[in-house]
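Q: Structure incoming, see below.
What follows draws every value from the coordinates through simple rules; no lab data is involved. Note that this is a predicted model, so its numbers are computed, not measured. Neighbour counts are summed over all protein chains in view; Cβ atoms, including those assigned to glycine, are modelled from backbone coordinates with ideal geometry.
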Amino acid sequence: MTTNSKDMRKTWEKIADYFRAHSIWMKWYCTGCGAIEMPPTMTSRFDMEQLGMGPMATPRQADVLLITGYLSAKTLRRVIYSYEQMQDPKYVVGFGSCTLNGGIYFDSYATMTRLDHYLPVDLYIAGCMPRPEAIMNAFDTLIKMIEKGEAKGWRHYQENHDWYRKNQLHSLKEVYVKDEFHE
Amino acid sequence: MTFDILIVLMFLGAVTAYLVSKADLKAGAYATVLFSLGALVLLLLGRGEIGSEFTILFMGFEVTTIGWYFSGVMVLVYAMTAFFNSYWMDKMIYPGSYNFLYLFSLGGTVGLFFAKDLITLFIFWEIVVWSSTFIVPMGKSRRAAVVYYTISTIGSMATLYGIMLLHRISGTLDIQGAFAPLKNDPVLATVIFFIFIMAGLTKIGIFPFHIWLPLAHGSAPHTFSPVLSGGLVKMGAFIAYMSVGILPAYEAFKGSLTVMGIPIQIYALMILGAVSIVLGTLMAIKQDDAKKLIAYSSVANGGYILIGILLMDQLAFAGSMMHLFNHAIASAAAFLAIAVVAHRTGTTKISELGGMIHRMPLTYLTYLIAIISLAGIPPMGGFVSKWLIIQGLADQGLMFMALAAFFGSIGSFLYVFRPLAAVFLGQLAPRHEELASAPLLMKIPMTILMVLILFFGVLPGWILGIIGQIQVAAGIEPVMMSGNSILAVNGVLNTLNVFMVFGFGFLIALVIFMLMQKSRRVGLMDTYTSAEFIYTPELYHYGSAFYAPFERLYARHPSVEDFLMALAYKGHEAGLMVNALFFSHKPGVTVFWITVIVAVVTLGGVGL
Amino acid sequence: MINPVLLIAIPLLLAFVSILYKGYRNNLLVFGALVNAGLVLTLGKGEYLIGGFKPPFGINLVLDDYAFLGLLVINGLFLLITLMSLDKIGENATVLLVALAGLNGLLLTGDLFNLFVFLEITAITAYILSASSRQYQHSFNYLVLGTLGSGLYLFGLILLYAVFGSLNMADLSLKMATADTSQLVIPSLLIFIGLGVEVKILPFNGWVRGVYGNSDSLVGPLFSAVYAGAMLLVFGRIFAQVIPLGAYLKTLLLLLGALTLIAGELAALSKTRIREILLYSSIGQSGLIVTLFLSGLVFPAVMQLFNNILSKAVLFTVAGQMADTTGTDDAEALQGAFARHKLAGVAFTIAGLSLIGMPLFYGFVSKINLLFGVFSLDNYWLPGVILLGTVIEGTYLIRLLVKLWMPGEEGLVSHESHATKAPLEIQRARVMGIVVLSAVLLVGGLMPGMIQNNLSESGRLLDETTPVYLFDLKGGQ
Amino acid sequence: MNLMNFVYAFLLLLAAFVFQTTLTGINRKVVARLQRRRGPRFYQQFIDIFKALSKGSTTHGWVFDFGVVMALGGIMATAIFIPFGPLKAVPAMDNIFIIAYVLAVGMLGMAMSASGSGNPWASIGVSRALTNMLAYDIPFMMVVFGLIFAFDTSSLSGLAAIQREGGFLGWHVIRFPLGGIVAMISLQGMLGKKPFDSFIAPAEIASGPMVEYGGRHLGMLFLLHEFSTFIEVSLIVHLFFGGGATVAAFLVKYALIYTFLNIVSNVLPRFKIDQAVTFFYKVPLALAVVQTFLIIVVGMGVA
């Protein structure tokens, strides 16, 4: 793909991006405490469905991978695996400080402090932890980004796969681990 | 002339096949193909000779439409299955005898349907019984053969009693003449009806005689199971037809108590048919062996056929006659598909297989089309016949039969899907990675059967025409056709339209599918595992206890099989008792008995 | 015209000669059997006086069709069995010659007391033969019961003589026909029991298990075919033609016959040793044949009798051979035995199927005939019992055949590697013999008319009322 | 059948799709209001479907694709047989048993495709869906059987026309109230709504049969879902609520029934699959048998 065609969207892609923006199905990767903020966001107080958002059961069906907590070597492998099972176009949202810089676990030997070294994060939601208002606000931003064709993390991942893979291997030695408990 | 040649040819063919097998096993197996195909050709050529009579040795024959139809079904199944024989020659313990018995039993079945008198009928019946009895144990179970033989014989001996009784009453053994005096004697007709139909019930596998089917079909050689299920079971339907059609039961039972217009005698048997449907369905759902599963489905389908035949009306009877054909080819095709799997993998256990579609797509397609027909889903043949049966039941208002029919119908989705999902779909075990697809000679019959199943589902006119003739001959209103529409009193079915609309829907779906972005092909193990890394396909395959929650609901069901086995054991114990009571090594015991007898006779009888 | 007394005299003479020339006794036996078999073919029907006294005062031999048929089959079978098992005869050649004389006498005699004499002669040879298995307890058991039976027979005979003053069958039957049946109850019962011991009617047959169950390939077929055949024919002669039975006794004895049939078959069902299965099957068949005789169905009974003894000769030969060479006749231990002995297996199978009454074999013809016969008497429970017996019989015979043909564990495909390793051998002579016998059964089944037409004459002679189902007519009569 | 039939059929399909999808969207809103939420836009369902279709997808082999096409094709074919109010694309093909069995083609295709993905959760979901079907279909078929016996026709429009003769009181739901109840409960099962939705249980078996679908496959499944909902609800409208003399009447009845069921669904918990079977065989089946008995033997409500 040339740079030119990469940035230019065809008409059908613009239409498609409109649909994608207003129908955001999420796969939540709830490793940390951040997940506790999702139920209030879903239910009547904030009602994320009014933006066309909703949780989905599997990464195959989802558009957004929402990572709501700190990442260890073990969980990062799973996050990468899940991300790679998602269908294009797909977006990653880092939720809370943990994904940004390791949060309160930043000095643990096992914590992966920066998610965007391993996966293309389209949007971070800062805070420990972010309130539902922050989440709603963030998704509003994400919707706008998608609509404008700016959320292109998935394409970035495709194009710079080697770099991402190098980082992943550097931290994890092995992404698709064979048998990490018994070997 | 064609038909006596046909019958004699089969028996000569049996001997020929045996002799050829002695020289070359494969050639012997090909001989079975040639002879059974020859029989098919002769049958088709001889269509014009319906109504002729002939004699072989001391046996009289008459060619009737129904006989022609039944033997056509039978020969078709035999001919298609024969293609498989050559692949099992090196696995059989007596390949030559297998070829011999294969054609011998074919000769028996053909002769049976053309019998003019009851003794000829019985002779051929028993020929089929004993020749097939010796094929069954070449497979996986010896006990199966004994159970098969015993159940069959209980039926055929009852029927023999009926034949003798008929002869005593009417003084003739001619099929038409022998039943004549029964019309005016309902009591006698009832007795004969129940006794005579026994052979049919046991052969179809109607509850409580169904226990031999899963045993024999499940463990017979893979090449004989299709014949057993598709072919031989249908002999029972012929006897059932004779009991209602030729007797004629409805006329004889005119004065009896009726349920929904059906004489209670016939209704009682229908209930057995309904029980068979429900039971066959429930048992099929929980089988782990694919062959046993199809065998139990034969029990269920036998129930449909019996109910339809017993109704002797315009719709259900036609449906049942057609179902006979549809079930024969569909069940044969399903068994053949499983035979291919067994040939390649060496097992028929559902839980040990998986992902076969990636190795043998044609076999998968055969099985798919066969089960669509078995489950009665359009546009396959099985749908037309089930539709006719259910419309017939609705016309008569037989609600409990319908209840069973619905249960069997929906239940069949469950059990036919199980091998589809667990044998052909799902994960392919690494040990099966290198499997080859079906050999060419196996593909031929599978393709033919597939085409036939589809063809008669879309254009059932030809076969319904023959069935119409049978109905006219039996003195009932024939099933009505107009163009491609089957006109039932309470509904119309235009199979061609169904097919076309289905094709249209499929086309739209295909267009939608094609218009969208191309998909990326991923491996079978690249599935959503909750992000767990799994590398053992065998364990990552949902194959055993497929319907576990449902199976649990009737896990502790009472079983007539247990009862019959207990009965058999009681017989065994009685034998031991006889032995203990009378056969001592001490002469004193015998002397004692002599004394007892003398005492009894003298005390009781001197005065007489 | 050859005097049928030769059939008795020649073997008897040869028996004495064989004592003198021990080296040639086997040859003498074969010679005797051959001569007898040949002689039977040349016999002329009629009544022959012995000793010049006219009956009812003297002893006579009656050679009617019934006797002729019996002689034909019994002598033929005797010859065949002798030839088959020549190597087994050993010391017994003389005994066998005496037995042949006795058997022929049984079939020929027209005098009840003379019958007793032959009965005793035959029985003594049977005791001796049974001892060849070295199971003396069983022989002794047989001896005791056989003697008791003979004694009871004699007792019955004396009572008859006391009442009617005659022992000649023809004379007696005329006299008894008009007699009060209550006078006959006790003597006929005693005679029934006496013969019942020999023809294996329950409960008089305690000896059978020990004797048949240990028989070898000579004694087995000899007892089950030749002796049993002759005894049953005698039974038929007496109870179908001589002694008329009152309704009470007839019902009781019929029940006893039916009971024997079912009990025998059930007992066979519960057994796993081949000879035991067969011996109980013989008991069952005896019950059936006795029932038919008692019902007056002489011709069907004779047909069934021939079917039974021809089949049993084959079956017992093979079973005896198995026991002789492998030391066991347990079906489980011998599974797949026919994989290496196909010809013998085929003969065994044909015999078995014929015994069950499967079509294409002679057994079917006889079964159909006997069913027609029973139905013609308007008896509707007996055919049910007979057919029930057939079901049970079929079950255990098919079980046995399957076991012997198809080795393998449940759940595994039958394969030759599962077959028994027991050193089973079947001598060529025996194979030839049983093949001949099974061929007869097959021909009889395929072309029943051929045999039937020849047999039916005698059937009619015996009993005008017995219907004969002729297969020659299309679709039956 | 000529070309016009097919054009007509296509238009009716389109109408059915637009109608049912809008209705689904409205119902999402209704449910949101029940839960005191604002809920999505009424056309949210369209957005979801088109979004899914526009996305990339993965496939696990030809049967995975073929099954989806077969499923959607089969369901659309069934939808063509359904009279759209008084409109019928194909004459004389609205036989209830044909519809019931053609419907199964779609189900089979879907099941086949799901199992073809190789994911055990899909197979578990299919096994539950089929078991569920065995539970709800039999009471429903029994009631239908009674109707066919009573009126000697198995045509949907025929049965609907018979009801309209008697006005509102002629509706089968009034004349055969037990049957009506059974049909409504069975419909709940057919639609896979609570309490009979254990086969898709997202948190337990990751949405069951749908676990591996994404992109166009998932979009087609959504389409399939809309069409099958249309078929199933229409069945009940025609069989028990007098069908529709006009399209409008039909759609109004349809919308009311669907919304009602949806509301019911949202206040109920979920049955385990064996509980569902037991429930259907204990209550609706018994009612269905009683109803059919009353129709066939007593003739109650027929004349």
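Q: Computed on alpha carbon atoms, what radius of gyration and Dmax characterise segment B:150-206, expressed in Å?
A: Rg, Dmax (Cα atoms, Å): 11.4, 34.
Q: Excluding D:Val277 itself, what net charge comes from residues whose Cβ is under 13 Å from its Cβ, given Lys and Arg +1 and Asp and Glu -1?
A: +1
Q: Let me know the volume per residue of the alpha-carbon convex hull for segment B:1-116, in Å³.
A: Given the Cα convex hull of segment B:1-116, per-residue volume reads 82 Å³.
Q: How would you order B:398-405, B:29-36, D:74-81 from highest to lowest mean count of nearby Cβ atoms within 10 Å?
A: D:74-81, B:398-405, B:29-36
Q: Can you pull the mean other chain C-beta count within 10 Å for peptide A:83-96?
A: 3
Q: With the Cα gyration tensor of segment B:258-301 giving a ≥ b ≥ c as the square roots of its eigenvalues, does the rule (a/c under 1.5 for rounded; else a/b larger than b/c for prolate; else oblate) give rounded, prolate or oblate?
A: Cα axes put segment B:258-301 in the prolate bin.
Q: Working from the pairwise distances between different alpha carbons, so that the mean of 1/r is found and then inverted, what is segment B:220-290's Kirkwood radius in Å?
A: Mean inverse Cα-Cα distance, inverted, gives 14.7 Å.
Q: Quantify how strongly other chains surround peptide C:199-205 by giving the mean number of their Cβ atoms within 10 Å of each of its Cβ atoms.
A: Across C:199-205, the average partner-chain Cβ count within 10 Å equals 4.
Q: Compute the Kirkwood hydrodynamic radius of segment D:3-298, taking the inverse of the mean of 1/r over all pairs of distinct Cα atoms, and give it in Å to one decimal.
A: After inverting the pairwise mean of 1/r, the radius is 19.5 Å.
Q: Relative contact order (percent) for segment B:1-95, with alpha-carbon contacts under 8 angstrom and 6 or more residues of separation?
A: It comes to 34 percent, rounded to a whole number.
Q: Sticking with this one: Report the one residue of A:Gly153, A:Gly52, A:Gly102 whose Cα lies farthest in the direction of the positive end of the charge dipole of chain A (charges on C-beta: Lys and Arg +1, Asp and Glu -1; origin at the Cα centre).
A: My answer, from the dipole projection, is A:Gly153.
Q: Which of the aspartates and glutamates could a cross-linker bridge to C:Lys421, judged by Cα under 19 Å and excluding same-chain residues fewer than eight apart?
A: Hits, sequence-local ones excluded: C:Asp324, C:Asp329, C:Asp330, C:Glu332, C:Glu409, C:Glu410.
Q: Using a Gaussian network model of chain D with C-alpha springs under 10 Å, which one of D:Asp94, D:Asp65, D:Asp152 is most mobile by mean-square fluctuation?
A: Sorting by GNM fluctuation, first place goes to D:Asp152.
Q: Working from Cα positions, state the angle (0 to 90°, nearest 10) between the long axis of helix B:186-196 and the longest principal axis of chain B.
A: Long axis of B:186-196 versus the principal axis of chain B: about 60 degrees.
Q: What is the distance in Å between the Cα centroid of segment B:350-399 and that of segment C:287-330?
A: 51 Å
Q: Charges on Cβ only, +1 for Lys and Arg, -1 for Asp and Glu, centred on the Cα centroid of the protein assembly as shown; of D:Phe42, D:Ile205, B:Phe209, which one is farthest towards the dipole's positive end?
A: D:Phe42
Q: Here's something else I'd like to know. State the percent of C-alpha pairs, over all pairs in segment C:258-321, separated by a distance greater than 13 angstrom.
A: Considering segment C:258-321, 62 percent of its Cα-Cα pairs are separated by more than 13 Å.
Q: Give me the distance between the Cα centres of segment A:107-156 and segment B:55-124, rounded to whole Å.
A: Each part reduced to its Cα centre gives a spacing of 75 Å.
Q: How big is D for the protein assembly as shown, in µm² s⁻¹ as a whole number, if Stokes-Einstein is applied with the Kirkwood radius of its Cα pairs at 10 °C and 1.306 mPa s?
A: For the chosen part, D equals 43 µm²/s.
Q: Assign unit charges at the C-beta atoms only (+1 for Lys and Arg, -1 for Asp and Glu), then state the dipole size of segment D:36-77 relative to its Cα centre in Debye, rounded to the nearest 20.
A: Dipole size: approximately 520 debye.
Q: Let me know the mean shielding of B:405-415 by other chains, meaning the per-residue number of their Cβ atoms within 10 Å of its Cβ.
A: 6
Q: Sticking with this one: Which value in deg cm²/dmol, rounded to the nearest 500, describes the helix-derived mean residue ellipticity at 222 nm for chain C, given -39,500 (n - 2.57) per DSSP H run of n ≥ 4 and division by the residue count?
A: Calculated from helices alone, the mean residue ellipticity at 222 nm is -23000 deg cm²/dmol.
Q: Between D:Leu3 and A:Val177, what is the FRET efficiency for a Förster distance of 56 Å, r being their Cβ-Cβ separation, to the nearest 0.05?
A: With R0 = 56 Å, the Cβ-Cβ based efficiency is 0.40.
Q: In a shell of Cβ-Cβ distance under 11 Å around D:Ser265, excluding D:Ser265 itself, what net charge do Lys and Arg (+1) and Asp and Glu (-1) give?
A: +2
Q: Could you check what % of the DSSP bridge pairs in the protein assembly as shown are antiparallel, to the nearest 5?
A: 60 percent
Q: Ok, one more. Given Cα positions, please report Rg to Rh for chain B, the hydrodynamic radius being the Kirkwood one.
A: Ratio of gyration radius to Kirkwood radius for chain B: 1.01.
Q: Compute the distance in nm between two label points, each set 7 Å from the Cα along the Cα-to-Cβ direction, one at B:Glu251 and one at A:Lys148.
A: 9.2 nm
Q: Shifting gears a bit: Between their Cα atoms, which of C:Lys200/C:Lys312; B:Lys26/B:Lys443; B:Lys203/C:Lys367; B:Lys203/B:Lys386 are more than 19 Å away from each other?
A: From the list (C:Lys200/C:Lys312; B:Lys26/B:Lys443; B:Lys203/C:Lys367; B:Lys203/B:Lys386), the Cα-Cα distance tops 19 Å for B:Lys203/C:Lys367; B:Lys203/B:Lys386.
Q: When the Cα centres of segment C:228-258 and segment B:531-608 are compared, how far apart do they sit, in Å?
A: 35 Å
Q: Also: For C:Lys22, give me every one of the lysines with a C-alpha distance below 29 angstrom, ignoring sequence neighbours fewer than eight places off in its own chain.
A: Filter leaves C:Lys88.
Q: Compute the helix-to-body angle for D:62-81: its Cα long axis versus the longest principal axis of chain D, expressed 0 to 90° and rounded to tens.
A: For helix D:62-81, the angle is close to 30 degrees.
Q: Using the basic label-point model (7 angstrom from Cα toward the beta carbon), what is the B:Val41 to B:Val259 distance in nanometres?
A: Spacing of the two 7 Å Cα→Cβ label points: 5.1 nm.
Q: With loop defined by DSSP as not H, G, I, E or B, and exposure as at most 15 other Cβ atoms within 10 Å, which is the longest segment of chain C clear of exposed chymotrypsin sites (Phe, Trp or Tyr not before Pro)?
A: Result, exposed sites excluded: C:58-379.
Q: Going from the alpha-carbon gyration tensor of chain C, what semi-axes, largest first and in whole Å, does one get by taking the root of 5 times each eigenvalue?
A: 34, 26, 21
Q: Considering the options B:Phe83, B:Trp593, C:Leu222, tell which one lies farthest towards the positive end of the dipole of the protein assembly as shown, charges being +1 on Lys and Arg and -1 on Asp and Glu at the Cβ, about the Cα centre.
A: Result: B:Phe83, furthest along the dipole toward the positive end.
Q: Still on this structure, I have one more. In degrees between 0 and 90, to the nearest 10, how far off the longest principal axis of chain B does helix B:316-345 point, with axes built from Cα atoms?
A: 60 degrees
Q: Over segment A:26-172, calculate the relative contact order: mean separation of alpha carbon pairs under 8 Å at least 6 apart, over the residue count, as a percent.
A: 23 percent
Q: Can I ask one more? Ranked highest first by the average count of other Cβ atoms within 10 Å around their residues, in what order do B:326-332, B:113-119 fall?
A: Top to bottom by mean Cβ count within 10 Å: B:326-332, B:113-119.
Q: Here's something else I'd like to know. Which of the pairs B:Lys234/B:Lys292; A:Lys14/A:Lys173; A:Lys144/D:Lys29; B:Lys349/D:Lys55 have their Cα atoms more than 28 Å apart in this structure?
A: Pairs exceeding 28 Å: A:Lys14/A:Lys173; B:Lys349/D:Lys55.
Q: Now a separate question. Can you list, bin by bin at 5 Å, the percent of alpha carbon pairs in segment D:186-303, starting at 0?
A: Percent of pairs per bin, in order: 2, 9, 14, 17, 19, 17, 12, 6, 3, 1, 0.
Q: Suppose we flag GluC sites (Glu not before Pro) only when DSSP calls them loop and at most 10 other Cβ atoms lie within 10 Å. Which is the longest uninterrupted stretch of chain B?
A: B:1-433
Q: Name the most mobile residue of D:Leu108, D:Leu224, D:Leu34, meaning the one with the largest mean-square fluctuation, in a Gaussian network model of chain D with Cα contacts below 10 Å.
A: Between D:Leu108, D:Leu224, D:Leu34, it is D:Leu34 that shows the largest mean-square fluctuation.
Q: Skipping prolines and chain starts, which residues have an amide H placed within reach, meaning under 5 Å, of the one on A:Leu71, given they are 5 or more residues away or on another chain?
A: Those lying under 5 Å, H to H, from A:Leu71 are A:Met112.
Q: Please give the net charge around B:His343, taking every other residue with its beta carbon less than 14 angstrom from that of B:His343, where Lys and Arg add +1 and Asp and Glu add -1.
A: That sum, taken over residues with Cβ under 14 Å, equals +4.
Q: Could the peptides A:105-116, B:224-235 be put in order, highest first, of the mean number of other beta-carbon atoms found within 10 Å of their residues?
A: My ranking of the peptides, most packed first, is B:224-235, A:105-116.
Q: Going by a ≥ b ≥ c, the root eigenvalues of the Cα gyration tensor, does segment D:244-295 fall in the rounded group (a/c under 1.5), the prolate group (a/b larger than b/c) or the oblate group?
A: Since a/c reaches 1.5 but b/c is at least a/b, the shape of segment D:244-295 is classed as oblate.
Q: Then there's this: Shape verdict for segment B:504-553, please, from the Cα gyration tensor: rounded (a/c under 1.5), prolate (a/b greater than b/c) or oblate.
A: oblate
Q: Just the ratio, please: alpha-carbon radius of gyration of chain A over 2.2 N^0.38 Å, N its number of residues.
A: The reported ratio for this selection is 1.03.
Q: Tell me, what is the percent relative contact order of chain B, built from C-alpha pairs under 8 Å that lie six or more residues apart?
A: It rounds to 11 percent for chain B.
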